[in-house]
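Some notes on the structure that comes next.
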Amino acid sequence: MSDNTAIKLVNISKSFGSVKANYKINLEVRKGEILSLLGENGSGKTTLMNMISGIYFPDEGSIYVDGQEVCIRSPRDAFDLGIGMIHQHFKLVDVLTAAQNIVLGLKGKAVLDEKSIENKIADLCAKYGFELEPHKKIYDMSVSEKQTVEIVKMLYRGANILILDEPTAVLTPQEADRLFEVLRNMRNDGKAIIIITHKLNEVLSVSDRVSILRKGENVGTIDTANATEMTLTEMMVGKKVELDIARPEPKGDIKRVEVKNLTCLNKYGYKALDDVSFDVWGGEILGIAGVAGSGQKELLEAIAGLQPVQEGSIVYFDPEKDNQPSQLVGKTPREIKELGVHLSFVPEDRLGMGLVGSMGMSDNMMLRSYRQGKSAFTDRRSPKALAEDIKERLEVVTPGISTPVRKLSGGNVQKVLVGREIAAAPTVLMTAYAVRGLDINTSYTIYHLLNEQKEKGVAVVFVGEDLDVLLGLADRILVLCDGQVTGIVDARNTTKEAIGLMMTKQNNEITEKGGEAEHE
């Protein structure tokens with residue numbers, strides 16, 4: 001084994017019942033390199049990283065760190081070996097400062113030597129290029145600042161092998177560029193870095209090598225310099241995949257939803273939405289961009305009747321009643337449905353709001369239609385047929401449609417939810433992070449399904465994180481910052497850099513050719 005090898009996996013296997021999550025995986029990560037880990041949903045990426053970080057224990061195989069075989073039975077073992085994992089959902093205490101979170105759980109004296117801690121944090125920040133205020137409370141931080149705390153926390157504890165799960169999922173392009181610069185500095189200092197991501201352009205930009213998993217097996221590792229988006233996709237999927245997002249012209253000129261001066265409060269009593277106004281048209285895809293926590297979730301929930309409205313109005317124009325306006329504010333989701341308003345909502349919290357984890361696919365399909373039964377007995381045939389159709393069309397990896405959805409990978413849970421909502425044949429389809437955590441093949445399938453709905457005259461609202469996708473898929477893009485609209489732009493005539501600036505702009509000027517975009 002080379003002295004330059006930081007961690008090496010030999011014939012690592014892990015099964016959950018009859019499902020082989022990983023099978024005889026061989027993987028090597030060198031000191032002073034950034035390795036990207038790619039694979040479709042259910043390919044075993046997260047399971048493999050969980051074994052390195054001590055959350056799972058392999059059924060067979062060996063792990064070597066710095067040339068020595070090791071046994072990692074817990075996160076504490078991984079920590080002692082200098083392995084740190086930064087999860088997509090941060091593990092921070094909101095009411096504590098950055099410095100307090102960084103040292104939380106470490107052994108020390110009864111009284112913290114805050115000066116010494118801050119000096120060490122400052123040295124780490126200067127060394128790698130971080131920007132961090134040690135005294136700042138977590139609840140006052142942006143997403144990128146919280147991520148910085150997580151990374152500095154691992155470095156403070158002596159981590160030399162870092163695993164980052166979807167590190168740019170909720171960052172602006174400018175924040176992502178700063179993160180990449182920091183990662184390069186860490187690589188140059190000899191750190192071994194593993195990135196799990198679905199964004200191929202980022203893989204090609206920041207990594208040195210790429211390892212691809214398919215159906216639990218490692219199908220190859222290649223130098224990034226020799227890779228393209230097409231070659232990486234073919235290795236992941238096992239076949240050629242068309243990577244162009246079609247964008248048909250808008251198909252209708254009927255206003256479907258009108259939002260005026262909408263103001264909502266979050267659970268802490270602060271304004272999640274502040275005087276938001278915009279229209280949604282049938283036959284178009286309206287993209288919504290913004291850093292996490294800018295009000296996207298509250299906006300969609302307000303339209304769906306799940307979020308109380310302090311001020312403003314939400315008017316729906318019903319195609320079944322000659323487009324007569326109906327006020328949605330103050331009505332429950334059931335009352336909205338009884339009005340004939342067909343809103344399909346894919347919430348951000350998939351299992352918390354969207355699906356029942358203990359139920360299988362067919363029973364989750366039935367949740368939308370069970371009130372339509374005409375007798376005391378529930379019709380399970382139609383939901384079963386729908387579940388089979390979604391399983392086949394979206395390639396859901398599951399032992400069967402009766403398997404509880406909580407046992408599926410996050411990406412496959414998302415497929416079930418998105419498929420069910422689209423199948424409801426709505427007139428307004430709202431999706432919050434519909435492709436978050438999905439592999440590129442399934443993501444493009446979802447994009448095609450959304451375009452199909454658009455061509456049927458459906459008004460589609462697409463909250464997304466990947467600005468490249470928003471620019472390629474949407475007709476118009478509404479940008480939110482701190483609960484305010486900072487721009488409504490024509491997706492065909494703008495750039496992701498311009499949107500990134502609007503995502504961090506602290507005013508509510510409307511920007512598109514000098515004013516709000518007119519619907520063509």
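The values are calculated or read from the model by the stated rules, or taken from the named source; none is laboratory data. Quick caveat, the model's predicted, so the values are computed rather than measured. Here the Cβ is made from the backbone with ideal geometry for all residues, glycine too, and neighbour counts use every protein chain on show.
You will find that of 213, 300, 306, the residue that is under 19 Å from residue 430 (Cα atoms), of a type outside the set (Asp, Glu) and in contact (Cβ under 8 Å) with a residue 60 or more places away in the chain is 300 and no other. Of the residues in the range 184-196, at least one is in the same structural domain as residue 97 (by TED's automatic domain parsing), among the basic types (Lys, Arg), in contact (Cβ under 8 Å) with a residue 60 or more places away in the chain and not in a loop (DSSP other than H, G, I, E, B).
Being at pLDDT below 65 and touching a helix residue (DSSP H, G or I) at 6+ places or on another chain (Cβ under 9 Å) is the filter here, so list the residues in the range 372-403 that pass it. Matches in the range 372-403: 378, 379, 380. Here residue 249 clears all of (1) over 24 Å from residue 464 (Cβ atoms); (2) without any contact (Cβ under 8 Å) to a residue 24 or more places away in the chain except the condition numbered (1).
Condition check ((1) of a type in the set (Lys, Arg); (2) in the same structural domain as residue 179 (by TED's automatic domain parsing); (3) modelled with pLDDT under 95) across all residues:
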| residue | (1), (2), (3) |
| --- | --- |
| 9 | no, yes, no |
| 13 | no, yes, no |
| 26 | no, yes, no |
| 30 | yes, yes, no |
| 34 | no, yes, no |
| 40 | no, yes, yes |
| 43 | no, yes, yes |
| 47 | no, yes, yes |
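Taking the numbered list (1) out of contact with any Asp or Glu (no Cβ under 9 Å at 6 or more places or on another chain); (2) modelled with pLDDT of 90 or more in turn, residue 277 passes all entries but (1).
Taking residue 3 and the conditions (1) surrounded by fewer than 16 Cβ atoms within 10 Å (Cβ to Cβ); (2) modelled with pLDDT of 95 or more, which numbered condition does it fall short on, given that it satisfies the others? Status for residue 3: all satisfied but (2).
Being closer than 24 Å to residue 505 by Cα and in contact with a Gly (Cβ under 6 Å, 6 or more places away or on another chain) holds for only one residue in 312, 290, 295, 282, and it is 295.
In the range 261-278, the residues that are without any contact (Cβ under 8 Å) to a residue 40 or more places away in the chain form Cβ pairs under 8 Å with partners that are surrounded by 15 or more Cβ atoms within 10 Å (Cβ to Cβ) and not hydrophobic (A, V, I, L, M, F, W, C), at six or more places apart or across chains, as follows: 266/298.
The conditions of being farther than 13 Å from residue 14 by Cβ and either surrounded by 14 or more Cβ atoms within 10 Å (Cβ to Cβ) or touching a residue at least 60 places away in the same chain (Cβ under 8 Å) (or both) are met by residue 41. Within the set 443, 402, the sole residue that is of a type in the set (Ser, Thr, Tyr), in a loop (DSSP other than H, G, I, E, B) and out of contact with any strand residue (DSSP E or B) (no Cβ under 7 Å at 6 or more places or on another chain) turns out to be 402. The strands (runs of 3 or more DSSP E) found entirely in the range 49-142 that carry 2 or more residues being in contact with a helix residue (DSSP H, G or I) (Cβ under 6 Å, 6 or more places away or on another chain) are 83-86. With respect to the stated conditions, residue 499 is touching a strand residue (DSSP E or B) at 6+ places or on another chain (Cβ under 6 Å), in a helix (DSSP H, G or I), modelled with pLDDT of 90 or more and buried (at least 24 other Cβ atoms within 10 Å of the Cβ).
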